[in-house]
Amino acid sequence: MEAYSQLDLGNPCLPRSSIVVLQCKAMPKNKKFRGPARTNKAGGLNPAQQKKETLLVVANNCMTMAVKPLLALSLALTTLQLHVFITDGFSASTVQKRSGRNSFLQKQQQPHSYKRTPKHIILSPDELHNLAISLSERRPGSKSFNRGWIQYRTAALDSIRYHLYTNLPHPADKANFEQLFFNLGVASDRGEMPSFEDAGARSGYAVEFFCRAKNLADLFADTFNSHYEFPEYWLEGLRSSPILGNKDSGDYSIVSLGGGPGFDYVSAAVATSFCSYVESLRDQGVETDNGLKLHATILDYEEGWGDLVQAMVNSTQALLDRSTPTLSCDWGGKCDITQSIFHPSNAACALLLDSTNLWVCQYCVAENAQKLQESDFIFFRELFEHAQSGTLFVLSEVHPRLWPEFYKLFHDGNCDMEEVGFNKRGRQMLLRKSSSITSSQGTKTSPTLSEKDQQLLEQFIELGKYHERKIEAGWQRQEPKIRGAKDAETSPDA
């Protein structure tokens, strides 16, 4: 057990998953460990002790060190939680789902494939309507209710995606989408926004990343799930929204920043359609009202998303109109989160400051990190400052390394946030602006942050430092390999 293996943990060019294979020498399996290993006369280990075993060690320290086998195992076990945040880019399984044989586009383009139209897809609005009624009869928060929600959400999203795919304004271009998919990873690494100009790539993005439509929907439904912990006042504000079937005196407005094809609208529609049938909510003192009006506005820097947003709205209403007749959505126009909210490019956004109840910004912060930092986050500073009291904010990102910089805004500026929290292991940042009563008192206090979220915030700071060191050392994302490309180059006909 005295043999060591050298591991350069400071190497910035580690694999994307930050897992390093370490060769260690250990005792044979048929012998018990009884202390330090004996050496032969030459000072080396006995031949029986030369057996090599492979040990996976999570490399979260940036220094060169010698690791004993047991110490290495302990290091791996104690840093598994941090490994979730250290993982950079998309995992191998994610890449395979988006651009490999398991991708949605690949399945649809395969002729005579049994995977082309999955059997569990429900295309009939009446079937979705009846399914929602049958599954929502369970007690909110129970295991059967949570299982029923997942079953309905999966069926609804699969149906909407398939309907959208058959009614796309532009055919999806698989090759251009795969290039966009790679560019999105580079953008997340470098903080520079990629181009969404290609219509075929945008269509591919809409159907391949449709799983993002469940993020906001799950957030609404998880408020009934006791396994999730949410900030107290933030949870109160979300439960009082008509999205969960609750009665409200006026209309409810949602704005999606960088909303692209309209995933956030689909999320709200699916959650509202399910909760509108939850009669057992009345047993908890919640009054339901199907006559409420909810409106979603989609804003994005790329104005080419407009026709796809309309296609998304048509597909959603075609399948859920019977459940959500009062839910509407439209394309609001251009929005640039790297400029002041009062800049001419954000005119449509500034008009919604006084009427919006929920602001959602998903997966567009990391790809604009450089310009956001250069502008000192002026867009979000002004958004948080001028939004109406009690407004809710949901920020989502693949990597939570930028959340500490957002948290500083609540101490340096006039954001006046009442509560801050994290969900989904940091992938979502939940905010609520102080209520009108607190604001009228004129006393500014620091936002509430639980001890658990404070520990996560410290991990995010370390993650940001690790990422900066890696980029400064010259790390680059590798171009995806194309099957047969090398053979085509070397062929006589090439």
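The values are calculated or read from the model by the stated rules, or taken from the named source; none is laboratory data. Because the structure is predicted, anything quoted here is derived from the model rather than measured. Cβ sites come from the backbone with ideal geometry, for glycine too, and all protein chains shown count toward neighbours. The accessibility values were calculated without ligands, DNA or RNA, using every heavy atom of the protein model including side chains. Shrake-Rupley method; radii C 1.70, N 1.55, O 1.52, S 1.80 Å.
Structure above, values below:
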read-out: Among (1) surrounded by 11 or more Cβ atoms within 10 Å (Cβ to Cβ); (2) modelled with pLDDT under 75, the one test that S491 misses; value: (1)
read-out: Residue count, segment 350-401 (criterion: without any contact (Cβ under 8 Å) to a residue 40 or more places away in the chain and in a strand (DSSP E or B)); value: 1
read-out: Residue under evaluation A347, criteria (1) farther than 24 Å from L244 by Cα; (2) in a loop (DSSP other than H, G, I, E, B); (3) touching a strand residue (DSSP E or B) at 6+ places or on another chain (Cβ under 9 Å), criterion not met; value: (2)
read-out: Any hit, segment 444-463, residues being at pLDDT 85 or above, open to solvent by 50 Å² or more (accessible area, probe 1.4 Å) and of a type in the set (A, V, I, L, M); value: yes
read-out: Index of the failed condition, P261 passing every other in (1) assigned to a helix (DSSP H, G or I); (2) modelled with pLDDT of 80 or more; (3) open to solvent by less than 10 Å² (accessible area, probe 1.4 Å); value: (1)
read-out: Hits in segment 378-401 - residues which are open to solvent by 10 Å² or more (accessible area, probe 1.4 Å) and either among the hydroxyl-bearing types (S, T, Y) or over 19 Å from the mean Cα position of the chain (by Cα) (or both); value: I378, R381, E382, E385, H386, Q388, S389, G390
read-out: Every residue from segment 402-421 that is part of a loop (DSSP other than H, G, I, E, B), open to solvent by 10 Å² or more (accessible area, probe 1.4 Å) and either at pLDDT 85 or above or not polar (S, T, N, Q) (or both); value: L402, G413, D416
